[in-house]
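Notes follow once the structure below has been shown.
Here, each number is a calculation from the coordinates, and none is a lab measurement. Because the structure is a prediction, the values reported are computed rather than measured. Quick reminder, even Gly has a Cβ in these numbers, built from the backbone with ideal geometry, and neighbours come from all protein chains shown.
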Amino acid sequence: MARIVQKFGGTSVADLDRIRNVAEKVKKEVAAGNEVAVVVSAMAGATNQLVSFARDIGPLHDAREYDTIVATGEQVTVGLLAIALQNMGIDARSWLGWQIPFRTDEVHGSARIEAIETEQLDKRLKSGQVAVVAGFQGIGPDGRITTLGRGGSDTSAVALAAALQADRCDIYTDVDGVYTTDPRLCPAARKLDQITFEEMLEMASAGAKVLQTRSVAMAMRHNVKLQVLSSFNETPGTMVVDEEMTMEQQKISGIAYSRDEAKVTLSGLPDKPGIAAAIFGQLADAHINVDMIVQSAAADGQSTDITFSLGEADLDKAVGLLEAARGDLGFAEISSNGKVAKVSIIGTAMRTQAGIAKTMFAILAEKGINLQVISTSEIKISVLIEADYTELAVRSLHEAFGLESA
Ligand code: ADP
Ligand code: ASP
Ligand code: MG
């Protein structure tokens, strides 16, 4: 007997037939004698609609009320799945984040899980009851409902698996596993049998939304056995594993992209200590995450330019904040562009092989794609390009690095 956490994403619970299909997958684990906790997302499209309701009624809304609204999508699916299971003769009940509870910090809209009280769940699981748990939500220090950021049900599932000391966490989704790149953008993408935690972490943070970044970090930290697989067939999925366990060592294991990027350039900044700290301090205080940064050398020895990228959703807020601080920061001009995308290549083999960056830049140059910002980490190279070229860039890199046939 094992203890298993199964997570089903939005497309897997998109309508009642699919919820019945999920119930069948749960039933199989129960029939095998396992203790099962199931984490579900809202029906596909439901969270987007709730987000737009909140935005439309007040573009600058109270983040606590935003969470109250967007957390409701999962309340519907846990109830429906619990009923579907009960109709199959399986003892099951639904749990909302606050009922368990999932305790989080107070950062509404992207709260972090701090603790999960598992005493009640533990007892129920041992007695054979299936726990159907709402993903994406928790309760903050002041008793208000919080949400974990888009795609957060993955993190709910991994956190629950860690807290319950589950033997496995299975993330069921609408593709057969983790691919070399998004199979919807690049039909030549190939499913990976395994991917290392580190590579998966970089892929996720570079935009591969198949797993939320925080879920991978959490699985890595708590040693959760993590698997990504399809809820629509029985094909074996992708295991996320430690580096020592990998069999293949390719040049590049994956390519990720994100279209939700924007770029800001501040020019004519005084070239003196403390300027970068002042700019990025302001943004950090407003919980705006900055990703790539370049500062150009001062040609005249006095003034400099800084360009950085950030999430498109934060662009207006960031520009507004910086404009308001123009007097203190002393820049001459600010310009921004919301039509950029980030394309990244990822692979642990980069640590030991030279020339990968050169190859990447040459391929993109050959296609006439201009690189606006470049950043590198030990196992990742990212470039910011014009958004219209995303597909061309991903497909060309995928082919040039031989990912479809490796
Ligand atoms: P869920 O609703 O199940 O959480 P998501 O839409 O959040 O599903 O994530 C699955 C999607 O991630 C896939 O449909 C696919 O388009 C996208 N995706 C992006 N990069 C990859 C990748 N490297 N491998 C697999 N899927 C990817
Ligand atoms: N329903 C939430 C979202 O759409 C959480 C999730 O699906 O993981 O972002
Ligand atoms: Mg998801």
Spin-label pair Asp316/Ala349, simplified geometry with 7 Å Cα→Cβ offset, distance in nm: 4.5
Tell me, Kirkwood radius of the range 174-288 from alpha-carbon pair distances, in Å? 16.6
Using only Cα atoms, figure out Rg for the range 3-100 and give it as a multiple of 2.2 N^0.38 Å. 1.20
Any chance you could run the full-extension gain for Glu243 through Ser375? It's 0.36 nm times the residue separation minus the Cα-Cα distance, nm to one decimal. 45.2 nm
For a quick check: with amide H placed at 1.01 Å from N, whose amide H comes under 5 Å from Val39's, ignoring anything fewer than 5 positions away on the same chain? Gln6, Lys7, Phe8, Val133
Residue of Arg184, Arg144, Arg20 that the Gaussian network model of the chain assigns the largest fluctuation, springs spanning Cα pairs under 10 Å: Arg184
Please compute one quarter of the surface area of the Cα convex hull for the range 170-227 and express it in square nanometres. 3.7
Sorted by Cβ neighbour density within 10 Å, fewest at the top, the residues Lys358, Lys251, Lys342, Lys7: Lys358, Lys251, Lys342, Lys7
Principal axis extents for the range 255-304, Cα atoms only, whole Å, descending order, please. 38, 27, 15
In nm, what is the difference between 0.36 nm times the number of residues separating Asn289 and Arg93 and their Cα-Cα distance? 66.8 nm
Over the residues of the chain, compute the C-alpha Rg and express it relative to 2.2 N^0.38 Å. 1.05
Classify the range 346-385: rounded, prolate or oblate, from the alpha-carbon gyration tensor (a ≥ b ≥ c, eigenvalue square roots; a/c under 1.5 rounded; otherwise prolate if a/b is larger than b/c)? oblate
Return the Rg/Rh ratio of the range 261-406 with Cα-based radii and a Kirkwood Rh. 1.02
Output wanted: per-residue J couplings in Hz (rounded whole) for the range 280-290, from phi through Karplus 6.51 cos²θ - 1.76 cosθ + 1.60, θ = phi - 60°, x for Gly and Pro. 6, x, 4, 5, 5, 4, 8, 6, 9, 7, 9
If R₀ is 56 angstrom, what is the calculated FRET efficiency for the pair Ala2 and His61, using the beta carbon separation as r and rounding to 0.05? 0.80
Relative contact order in percent for the chain (Cα pairs under 8 Å, 6+ apart) equals 14
With r as the distance between the Cβ atoms of Lys28 and Ala324 and R0 = 51 Å, compute the FRET efficiency 1/(1 + (r/R0)^6) and round to 0.05. 0.35
What ³J(HN,Hα) values, in whole Hz, does the Karplus curve 6.51 cos²θ - 1.76 cosθ + 1.60 give for the range 258-266 when θ = phi - 60°, with x put for Gly and Pro? 9, 8, 8, 10, 9, 10, 10, 10, 10
With a sphere of radius 14 Å drawn around the Cβ of Tyr389, what net charge do the other residues whose Cβ falls strictly inside it have (Lys, Arg +1; Asp, Glu -1)? 0
From the backbone phi of the range 334-339, what are the Karplus-calculated ³J(HN,Hα) couplings (6.51 cos²θ - 1.76 cosθ + 1.60, θ = phi - 60°) in whole Hz, Gly and Pro given as x? 10, 9, 9, 8, x, 9
Could you tell me the largest-minus-smallest coordinate of the C-alpha atoms of the range 100-246 on each of the three principal axes, in descending order and whole angstroms? 48, 35, 31
Okay, helix-only estimate at 222 nm for the chain: each DSSP H run of n ≥ 4 adds -39500 (n - 2.57), divide by all residues, round to 500 deg cm²/dmol; what do you get? -10000 deg cm²/dmol
Sort out for me the Cα centre separation of the range 370-388 from the range 42-91, rounded to whole Å. 35
Burial-style ranking of 129-135, 188-194, average other-beta-carbon count within 10 Å with highest first, yields 129-135, 188-194
What distance in nm lies between label points placed 7 Å from Cα along the C-beta direction at Asp15 and Lys367? 3.5
